[in-house]
Amino acid sequence: MSKLGLFHALKMTMLMCVSISTAYAEQSRESELSKTVEDLKKRLEQLERRDAKPSRNNNGGKVEWEVGGYAKLDMVYSSTSAGANSLGDEFLISALVPTSSDGEDDQIKLTARESRLWVKANSQADGSTINFLIEGDFFGNKPSSSETLNNNSDFRLRQAFGEVSTKSAGRYLMGQAWTTFQNLSAFPHTTTLGELPGQAFSRTPMIRWTMPFDGDSVQLAIENPETHLRDSSNNAVRPDDDRIPDFIARYNLKKHSVSALLRQLRCDMPGSCSDSQQAWGVSVAGRIDFGKRDQLRYQAHWGDGIGRFVSGTVFPGGIIDSAGGIDLVDVRAFMLSYQHRWASSWNSALIFNTAKADGLDSVTSATEEVTTYHINTMWLPTKNMRVSLEYIRAESERISGLEGDLDRVIFSTKYNF
């Protein structure tokens, strides 16, 4: 081959190598670019799936509803009636312990008014949980003639509130709920409703803040005020002149609590009363478990002008004196409730309640002291059914020395749904 031919051959070979190298490089870059695009697509799909899946603290604002309640029948035997068409014949009211039979002995009442209905809802968004509750029963107004035909009674609001729970700023409740002054875990082991003398018991509109920490919590609340007084004839006086809400603070230590209450009683009724007084109260309550079968619940309350927070309505917050001023009534109340579980579906309880008031000397017909004793047993044949039997002995004493007493037996069936 001539030198010129060899030169052309080498030139063509070099051009082919460059072309092949260039093509390979372009193909490699295209492959890398394609791989990068595929990786980006996969990453985007993962992000989209993560955003589309609700977390434990976010259900996209969706509201989840739940409806429930129970149907309950109470058959109540009373040794002495609380009076014709009296609510005190259907459940125990400390202020209505009879002091005279007036011929109404050995009375029987059957009632389903404690039957209850509630609606719950919750929603989660942005790390916060919102809970709602509306609850009522049938202890509203009952026409005196309703038992003649259909035994109807009005539906009554018990609770209605919303509560926002945040991760770091606590819980905020607004609406009507159980007063912050009482500890719900220390309720006595009773089989039926009742305004027991040693028990804190009130539901009221409020704004409440709860801050949990290390298993304990602090609660601060402002609650609806209500001045409840009595005159020298023991007539109830509700002036409706309140200007300052009730202030309540509570510290919850595991299963125990300490509460403090500050409130103002105010009356501005020309010709009757014109005064205001600062009232206060403290409460200690809780429960103690002894193994898995035994439990003791307790409550102790003391204060001036706290009548409507404990013992039902048996004691007023104050008495209107002859000059139109308010004399606060001092109240001391105590409750013990002991329950023993014989088996997983059978338990029994012993309950003691007592309350006494000072400052009622000018109202001779006013109740000064009330005490109740309870013994009951409950059987749960199925998860949603309860059958119970309870005996109650109630005793009262008035300023005049007049005494009242009541023996009551209650047979109940309750069906939860």
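Label points 7 Å out from Cα along the Cβ direction at residue 260 and residue 85: separation in nm?
Modelled inter-label distance: 4.7 nm.
If you stretched the chain out fully between residue 232 and residue 146, how much longer would it get, using 0.36 nm times the residue separation minus the C-alpha to C-alpha distance?
Once the chain is fully extended between residue 232 and residue 146, it gains 27.5 nm.
Taking the Cβ of residue 151 as the center, what net charge do the other residues with Cβ under 10 Å away carry, scoring Lys and Arg +1 and Asp and Glu -1?
+1
For the stretch 94-221, compute Rh as the Kirkwood radius over C-alpha pairs and then the Stokes-Einstein diffusion coefficient at 37 °C and 0.692 mPa s; write the answer in µm²/s, rounded to an integer.
For the chosen part, D equals 183 µm²/s.
Sketch the reach of a paramagnetic label on residue 292 as a point 7 Å from Cα along Cα-to-Cβ, and name the residues of the stretch 339-366 whose backbone nitrogen lies under 19 Å away.
The answer is 339-348, whose backbone nitrogens lie closer than 19 Å to the label point.
Quick one: length gained pulling residue 409 to residue 364 fully straight, 0.36 nm per residue minus the C-alpha distance?
13.1 nm
Report the calculated FRET efficiency for residue 323 and residue 174 (r = Cβ-Cβ distance, R0 = 41 Å), to the nearest 0.05.
Given R0 = 41 Å and the Cβ-Cβ separation, E is 0.55.
Sort 290-303, 196-209 by packing, meaning the average of other beta carbons within 10 Å per residue, with the highest value first.
196-209, 290-303
Pairs 167/255; 254/414; 292/383: which are spaced more than 26 Å apart, C-alpha to C-alpha?
254/414
What is the packing order of peptides 211-217, 221-227, taking the mean over residues of other C-beta atoms within 10 Å and listing the highest first?
Put in order of decreasing packing, that is 221-227, 211-217.
Based on the mean of other beta carbon atoms within 10 Å per residue, what is the order of 326-333, 256-263, most packed first? Intermediate values should be presented prior to the final figure.
Numbers: 326-333: 22.1, 256-263: 20.2.
Sorting 326-333, 256-263 by mean packing, highest first, produces 326-333, 256-263.
With only alpha-carbon pairs counted, each pair once and no self-pairs, how large is the Kirkwood hydrodynamic radius of the stretch 224-275 in angstroms?
Radius from the Kirkwood sum: 13.1 Å.
Calculate I(q)/I(0) for the stretch 59-416 by the Debye formula, one identical point scatterer on each C-alpha and no solvent, and give its log10 at q = 0.08, 0.09, 0.15 Å⁻¹ to two decimals.
-0.43, -0.55, -1.53
Compute the semi-axes of the equivalent ellipsoid of the stretch 178-257, taking the square root of 5 times each eigenvalue of the Cα gyration tensor, and list them largest first in whole Å.
Details: eigenvalues 155, 74, 15 Å².
Working through the eigenvalues yields semi-axes of 28, 19, 9 Å.
Averaging the inverse of every distinct alpha carbon separation and then flipping it gives the Kirkwood radius. What is it for the stretch 274-415, in angstrom units? Display every interim value, and only then the final one.
Working: mean 1/r = 0.0577 Å⁻¹.
It is 17.3 Å.
Return the distance in nm (one decimal) between the two label points of a simple spin-label model at residue 105 and residue 251, each offset 7 Å from Cα along Cα→Cβ.
Going by the 7 Å Cα→Cβ label model, 5.4 nm.
Each reported figure results from applying straightforward, stated rules to the coordinates on display, with no laboratory input. Just so it is clear, the structure is predicted and the values come from calculations on it, not from any experiment. Note that each Cβ is placed from the backbone with ideal geometry, even for glycine, and that neighbours are counted across all protein chains shown.
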